[in-house]
Amino acid sequence: MKTNALLIFTRNPEIGKVKTRLAKTIGDQNALTVYNDLLNHTKNVTEHADCDKFVFYDSHVSKNDLWPESIYQKKLQIEGDLGQRMQIAFDSLFEMGYERCIIVGSDLFDLTKSIIENAFKQLNTYDVAIGPAEDGGYYLLGLKKKNDTVFINKKWGTDSVYEATIKDLEHFKIAILPTLNDIDTFEDLERSGYDCKNIKINTNAEISSKEV
């Protein structure tokens, strides 16, 4: 019986197309290096999790990359905003027969296997599990059935997403997980404990928290 499915949303690691806000401060090449490190961390903490695992790429499905096909099933995100892409991904796995589905991104050095497994455990009792991010979004969302409401009418990439999602879920039993640091800016990277000593900083960069 299919029970637990983990959805991992990633961007294809291409220079100039990942961690664009971070790149304004440290440059495209350094931002790509950081993102590849984030992908490796995400792979390391998820590969032994007790669930079926799906990697959803943003532009094309890659073969022979760091995600072994013996462990991860590979899919492509649909076109649309983040909410539409997540909604279709969740719906596709519920339609495959999974009873509990959790989505995570690939932007957190703080993510651990125990956090993911605890989220699945919480879904035995709660309707929804959610992990707030320090920037006002969320890094994890777990559902036991389709819930289109949480994916619409959101200002994705802003600090209102978590609060708006919680409001949508006011009639559900919610398990709230620890708040973690989502890596979007150089300040986020420094707080994560990442070794930044060899990264050259563009001191003329202006960082806007509202850039996506």
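The values are calculated or read from the model by the stated rules, or taken from the named source; none is laboratory data. Model, not experiment: these values are computed from the prediction. Every residue, glycine among them, receives a Cβ derived from its backbone with ideal geometry; neighbour counts consider all protein chains shown. The accessibility values were calculated without ligands, DNA or RNA, using every heavy atom of the protein model including side chains. Shrake-Rupley method; radii C 1.70, N 1.55, O 1.52, S 1.80 Å.
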> Taking the stated definitions as given, is Phe120 open to solvent by less than 50 Å² (accessible area, probe 1.4 Å), under 13 Å from Cys51 (Cβ atoms) and either free of Cβ contacts under 8 Å to residues at least 12 places away in the same chain or not polar (S, T, N, Q) (or both)?
Replying inline: yes
> So, of the residues in region 156-211 that are more than 20 Å from Asp107 (Cβ to Cβ) and acidic (Asp, Glu), which turns out to be modelled with the lowest pLDDT?
Replying inline: Glu206
> Has region 175-188 got at least one residue that is open to solvent by less than 40 Å² (accessible area, probe 1.4 Å), part of a strand (DSSP E or B) and either out of contact with any Asp or Glu (no Cβ under 6 Å at 6 or more places or on another chain) or without any contact (Cβ under 8 Å) to a residue 24 or more places away in the chain (or both)?
Replying inline: yes
>> Condition check: surrounded by fewer than 20 Cβ atoms within 10 Å (Cβ to Cβ) and either over 18 Å from the mean Cα position of the chain (by Cα) or more than 20 Å from Thr10 (Cα to Cα) (or both). Does Glu95 satisfy that?
In response: yes
>> Please determine whether any residue of region 12-32 is of a type in the set (Val, Ile, Thr), over 27 Å from Thr125 (Cα atoms), crowded, with 19+ Cβ neighbours inside 10 Å and in contact (Cβ under 8 Å) with a residue 60 or more places away in the chain.
In response: yes
> For Ile102, which of the numbered conditions (1) touching a Gly at 6+ places or on another chain (Cβ under 6 Å); (2) β-branched (Val, Ile, Thr); (3) surrounded by fewer than 15 Cβ atoms within 10 Å (Cβ to Cβ) fails to hold?
Replying inline: (3)
